[in-house]
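One structure is given below, encoded as structure tokens.
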Amino acid sequence: MKNLLLSVLTDSSTTVAGDHDGALIAHHSRGHGRWPQTAFESRGTMRRLSVCFGAIAILLAACGTPTVTPTVSPTATPSPVPRAAAWSATGSMTAAYTRHTATRLADGRVLVAGGSSPDGFLAEFYDPSSGTWSATGSMTTWREQHTATLLADGRVLMAGGYLLAAAELYDPSGGRWSATGSLTTWRWRHTATLLADGKVLVAGGYNFGGGQGDELLASAELYDPRTGTWSATGSMTTARSLGHTATLLADGKVLMAGGGANGPGPRLASAELYDPSSGTWSATGSMTTARMLHTATRLADGKVLVAGGIGPDGLLTLAEFYDPSSGTWSATGSMTAARAYHTATRLADGKVLVAGGYDGGPGPRPASAELYDPRTGTWSATASMTTARRGYTASLLADGRVLVAGGGDAEGNGLASAELYDPGSGT
């Protein structure tokens, strides 16, 4: 096609046309290889030019018009707008609860049960998808200051409580409660830890009128979900209650730390480890500060953060962490506010949210909250709760938010309200 076009062009002597009136034409005579002088041509010549240009147009159409592809500049993706951390009210419970338990079930719902509610048999669950609470079957036994443990099969074990040795199981599939084997002794303010083999370790606590007198307990026992029975295991090296903490370590051992007694009794700095393989306890490094009613949170790196509580001289802002690899404690940054009876929740990003609690003063309890960053070892204030409370529960939801429910106000009245903490997206 290109050769055909060249043939048409070279076959015509005229290459440029002037005006239409007798038309001043510049032409090239084939074979001369040069441009001749300008001359006036006849209208016949103009007709020949028209035919020539028409042929060129046809050939160009046949060859196709070159397609010009426009250059498209890439569209910049807008940066996401940071979302500030915030608390917001969610649906209220059907009753006011304090000293209750809250357990996140396998399906993401949260079961709240017992405590100092108008009816200590009550239980209900929170559905994060709707933000509402629904009543479920009532417990077989009234209880408060008990423990609740999610078992490997999805059921929930409730154990002990004030003046109780009784235990029972909640089955989420049918919303039913059923009695199971009783503890070997009455105990309350104890700890309960799910072990790697599926058994539950209960340790320490307070015995009042349980046949052993009014005392702190060093004894411990194991619940076997396969048989529904309890059996004694090794006793702790030190009797503990009133806010001692039990933390499952990465190697399967359990770290027990601190604790104390009612009134002016001693606050403990000692800590010990339970080894499930031998069923025995052994002392480990002591905390840098004696404390009770503190919190203990296992961090992403396996260390355990202990924060706040009540020490020998009163409420604490001090925090420290336990390193399982060395069996020692080290001080870390102090909280921005002294508090006890608070909660501590490890968030999806590895930070720890501490909120509410008791500040030792009259009037409203603190509604403030703060975050611990393990990377820097420091605390920073975050948004405050919508309601000041203590003796409440905090549960990490599957979507990364934290559900806070119930608790007591400054006068000790139970609260039915609940709220959600949204960590935001970086502020």
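Tabulated values for the structure
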{"quantity": "Backbone HN-Hα couplings from phi across region 376-386 [Karplus 6.51/-1.76/1.60, Hz, Gly and Pro as x]", "calculated": "10, x, 10, 10, 9, 5, 10, 4, 8, 4, 6"}
{"quantity": "Region 358-427 shape via C-alpha gyration tensor axes, a/c threshold 1.5", "calculated": "oblate"}
{"quantity": "Gap separating the Cα centres of region 374-410 and region 310-352, nearest whole Å", "calculated": "15 Å"}
{"quantity": "THR288-THR94 FRET efficiency (beta carbon distance; Förster radius 56 Å; 0.05 resolution)", "calculated": "0.80"}
{"quantity": "Computed accessible area, PHE321, all protein chains, 1.4 angstrom probe, square angstrom", "calculated": "40 Å²"}
{"quantity": "Region 307-427: relative contact order as a whole-number percent, Cα under 8 Å and 6+ apart", "calculated": "17 percent"}
{"quantity": "Solvent exposure of region 198-342 as accessible area per residue, Å², 1.4 Å probe", "calculated": "37 Å²"}
{"quantity": "Label-point gap, in nm, between ALA250 and VAL81 - each point 7 angstrom along Cα→Cβ", "calculated": "4.0 nm"}
{"quantity": "Taking region 125-252 and dividing mean pair separation by its residue count, relative contact order in percent (alpha carbons under 8 Å, at least six apart)", "calculated": "18 percent"}
{"quantity": "Dipole magnitude of region 197-321, debye to nearest 20 (Cβ charges: Lys/Arg +1, Asp/Glu -1, about Cα centre)", "calculated": "160 debye"}
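The values are calculated or read from the model by the stated rules, or taken from the named source; none is laboratory data. Just so we're clear, the structure is a prediction, and the values are computed from it rather than from any experiment. All Cβ positions, even for glycine, are placed from backbone atoms using ideal geometry, and neighbour counts span all protein chains on display. SASA here: full protein model, heavy atoms, side chains in, ligands and nucleic acids out. Shrake-Rupley method; radii C 1.70, N 1.55, O 1.52, S 1.80 Å.
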